[in-house]
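Visitor: Quick one: structure below, then a few questions.
The values are calculated or read from the model by the stated rules, or taken from the named source; none is laboratory data. Because the structure is a prediction, the values reported are computed rather than measured. Every residue, glycine among them, receives a Cβ derived from its backbone with ideal geometry; neighbour counts consider all protein chains shown. Protein only, heavy atoms only, side chains kept; ligands, DNA and RNA dropped before computing areas. Shrake-Rupley method; radii C 1.70, N 1.55, O 1.52, S 1.80 Å.
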Amino acid sequence: MAASIENYVPQIARREVATRIAVCAWALACVGAWAFVGLIFAAPVLEAHGAGVGAWAIYHLFAPLCHQLPERSFYVGGHPLAVCARCAGVYVGYAVCLALYPLARNLRRTDTPRRAWLVAASLPCVADFLVNFTGLWYNTHASRAVTGALFGASAVFYTLPGLVEIAQGIGRSRAAARDAKEQAGDDAGRRVVVAC
């Protein structure tokens with residue numbers, strides 16, 4: 001049986017809301033990613049300018065995420081970044097690709113590429129590690145950063161669709177709650193009219 005005209009919701013309006021939610025999720029993710037990258041570079045800058053407590057806090061914040069070996073890190077102002085060259089590549093690659101994501105894919109899409117692509121993007125990191133580990137070739141800061149950036153950039157295509165889907169789910173929940181509240185208000189208004 002067809003629904004009554006009172007319950008019709010224009011689909012264009014929903015698409016516009018979904019687009020707005022997706023853009024907001026993407027923008028918040030960009031702000032978070034670039035703030036994260038900013039902290040990586042802030043640690044050595046703070047250390048160089050004598051703000052040792054702030055630098056110490058940032059270095060300790062990143063300690064569980066990276067080995068932070070000074071000989072494997074880029075330096076700013078004579079001090080190592082808060083993470084190694086490979087991790088810096090991963091995070092910067094992620095942030096850059098995230099910022100450029102709308103140029104490659106519609107933000108409303110919540111499907112992800114096959115996992116094989118993510119595995120393929122990690123292979124240069126694995127190869128870079130293995131050739132160094134076996135002594136066949138000694139990798140450089142640049143090779144670590146570039147292979148990490150490739151992996152970080154590919155990770156965006158797996159994380160952002162999930163974030164958008166979560167944001168759209170929250171948006172749908174709020175809309176349903178608002179609609180239920182409005183419906184309850186309409187029903188209460190009808191009861192008052194009937195009672196009079």
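Visitor: Looking only at region 112-141, how many residues end up being more than 17 Å from Y158 (Cα to Cα) and open to solvent by 90 Å² or more (accessible area, probe 1.4 Å)? Give the steps one after another, and end with the answer.
Guide: The initial filter retains those residues of region 112-141 that are more than 17 Å from Y158 (Cα to Cα), namely 124-141.
Next, from what is left, pick out any that are open to solvent by 90 Å² or more (accessible area, probe 1.4 Å): 129, 133, 136-138.
Here the count works out to 5.
Visitor: Does V76 satisfy the criteria of being surrounded by 12 or more Cβ atoms within 10 Å (Cβ to Cβ), over 18 Å from V156 (Cβ atoms) and either touching a Ser or Thr at 6+ places or on another chain (Cβ under 9 Å) or touching a residue at least 60 places away in the same chain (Cβ under 8 Å) (or both)?
Guide: Details: surrounded by 12 or more Cβ atoms within 10 Å (Cβ to Cβ): yes; over 18 Å from V156 (Cβ atoms): yes; either touching a Ser or Thr at 6+ places or on another chain (Cβ under 9 Å) or touching a residue at least 60 places away in the same chain (Cβ under 8 Å) (or both): no.
Judged against the criteria, V76 is not a match.
Visitor: When only residues in region 58-67 that are assigned to a loop (DSSP other than H, G, I, E, B) and open to solvent by 50 Å² or more (accessible area, probe 1.4 Å) count, which is nearest to I40 (Cα to Cα)? Full working, then the answer.
Guide: If we filter region 58-67 for residues that are assigned to a loop (DSSP other than H, G, I, E, B), which is where we start, we get 63-67.
This time we only want the ones that are open to solvent by 50 Å² or more (accessible area, probe 1.4 Å), so: 64-65, 67.
Values: P64: 14, L65: 12, H67: 14 Å.
Checking each candidate, the answer is L65.
Visitor: Out of the residues in region 12-27 that are touching a residue at least 24 places away in the same chain (Cβ under 8 Å) and of a type in the set (A, V, I, L, M), state the one that is least open to solvent (accessible area, probe 1.4 Å).
Guide: A22
Visitor: From the list V83, V31, V53, which one is within 20 Å of the chain's Cα centre (by Cα), among the aliphatic types (A, V, I, L, M) and over 24 Å from Y138 (Cβ atoms)? Reasoning before the result, please.
Guide: Numbers: V83 fails: over 24 Å from Y138 (Cβ atoms); V53 fails: within 20 Å of the chain's Cα centre (by Cα).
Unique residue meeting the criteria: V31.
Visitor: Quick one: in region 73-123, of everything that is among the charged types (D, E, K, R) and assigned to a helix (DSSP H, G or I), which residue is modelled with the lowest pLDDT?
Guide: Just the residues of region 73-123 that are among the charged types (D, E, K, R), to begin with: 86, 105, 108-109, 111, 114-115.
Among the residues that remain, those that are also assigned to a helix (DSSP H, G or I) are: 86, 115.
Working: R86: 97, R115: 94.
Among those residues, the one meeting the criterion is R115.
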